[in-house]
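Report on the structure given below.
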Amino acid sequence: MEDLFLKAYEAAQQGKSYAFATIVESTLKGTPRKTGAKMVVLEDGSIFGSIGGGRNERNAQLECREAIKSQKPKIVTYKFDEQPGNSICGGQIKVFIEPFAGKRHLIICGAGHIARPLSFLGKLLNFRVTIIDNRPEFANQSRFPHVDDICVGGHADRLKKLKITQNTFIAIVTQGFEHDYNSLCVALKSKAAYIGFISSKVKKVKFLRRLREQGVSEKNIARIHAPMGLDIGAQTPEEIAISIAAELVEVNNRMHIGSSKFKSL
């Protein structure tokens, strides 16, 4: 059992999602495994542990992978009858499918005035936080003692070398127009959950035009958040960082938006 939790922990630390399948109810006779048996399924389909093997375990694996995508738990019932691939001993089990998202990773391209408060907020929101900047006097432990990683070098070059998953959020706040654009181009080639950059209307128009001229699809362009952050009238670097952090939460919790507690009376 400890090995299963270790596999889940390792996946989470690598930013990978996973799901547990746990037997929560079983008949007294006729089932290979009983209540409490569990397995963990990684996002690539790898299985550790077992809930009984055969066709039912294969179906549970598929349910886990679907739950990882939707991040919605469910309970499913499986019977052990004479269908192909099943044990013929009879009985049935109920299995709780419980998905978990891997640890979220916030990559901040830039180490200036907005990056510092945003990095603090990222840690408060339980992100792993990485800072990238080409200026050692900005990207250092003295300015960012709280972050997990500091990468000194060209923004786009360093971004290319990082592992970017569906649990990665990329905020582009560099000190230069071209640094922003080059970082954006790299980000758009990844599976990042969020890609945003600080932008005026003019800058946004220019960036999108260049992307289209380079053949970037409209579907990919639609992934971009620009200007980055929710409109709260932010003025100071700290307020802008709060607006960006709020948008990160909004994207991450999209399925929960629309709660009745926020509806007008």
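Laboratory data are not the source of any read-out in this text; all were calculated from the coordinates shown. Since the model is a prediction, treat every value here as computed from it, not as a measurement. Glycine gets a Cβ as well: all are built from the backbone with ideal geometry, and neighbour counts include every protein chain shown.
Give me the extension gain from K69 to K123: residue separation times 0.36 nm, minus the current Cα-Cα distance, reported in nm with one decimal.
17.0 nm
Between 0 and 90 degrees, rounded to the nearest ten: what's the tilt of helix 54-70 against the longest Cα principal axis of the chain?
Compared with the principal axis, the helix lies near 20 degrees.
How much length, in nm to one decimal, is gained on full extension between R210 and D149, taken as 0.36 nm per residue of separation minus their Cα-Cα distance?
18.9 nm
May I ask for the longest run of the chain untouched by GluC sites (Glu not before Pro) that are loop-located per DSSP and have at most 13 neighbouring C-beta atoms (other than their own) within 10 Å?
Counting at most 13 other Cβ atoms within 10 Å as exposed, the longest clean stretch of the chain is 138-265.
Among R104, R223, R65, rank each residue by its count of other Cβ atoms within 10 Å, from fewest to most, as a rough exposure measure.
R223, R65, R104
Distance cut-off 20 Å, Cα to Cα: go down the list K72/K94; K29/K94; K34/K94; K72/K103; K123/K201 and report the pairs above it.
Distance filter (> 20 Å) returns K123/K201.
For G36, what is the net charge nearby, where nearby means another residue's Cβ is under 13 Å from its Cβ and Lys, Arg count +1, Asp, Glu -1?
On the way: positive: R33, K34, K38, K94; negative: E25.
Summing Lys and Arg as +1 and Asp and Glu as -1 gives +3.
On C-alpha positions alone, give me the angle between the axis of helix 2-13 and the longest principal axis of the chain, in degrees, nearest 10.
Helix 2-13 sits roughly 20 degrees off the main axis of the chain.
Quickly work out the E25-to-Q92 label distance, labels modelled 7 Å from Cα along the C-beta direction, and quote it in nm with one decimal.
With each label point 7 Å from Cα toward Cβ, the separation is 0.9 nm.
Quick check: the angle from helix 115-124's long axis to the longest principal axis of the chain, C-alpha only, nearest 10 degrees?
For 115-124 against the chain, the angle is about 20 degrees.
Between H113 and S217, how high is the FRET efficiency from 1/(1 + (r/R0)^6) when r is the Cβ-Cβ distance and R₀ = 30 Å? Nearest 0.05.
Calculated transfer efficiency: 0.35.
Full-extension gain between L162 and R135, please, as 0.36 nm times their residue separation minus the C-alpha to C-alpha distance. Write out the running numbers ahead of the final one.
Working: separation 27, 0.36 × 27 = 9.72 nm, distance 1.83 nm.
This chain segment gains 7.9 nm when fully extended.
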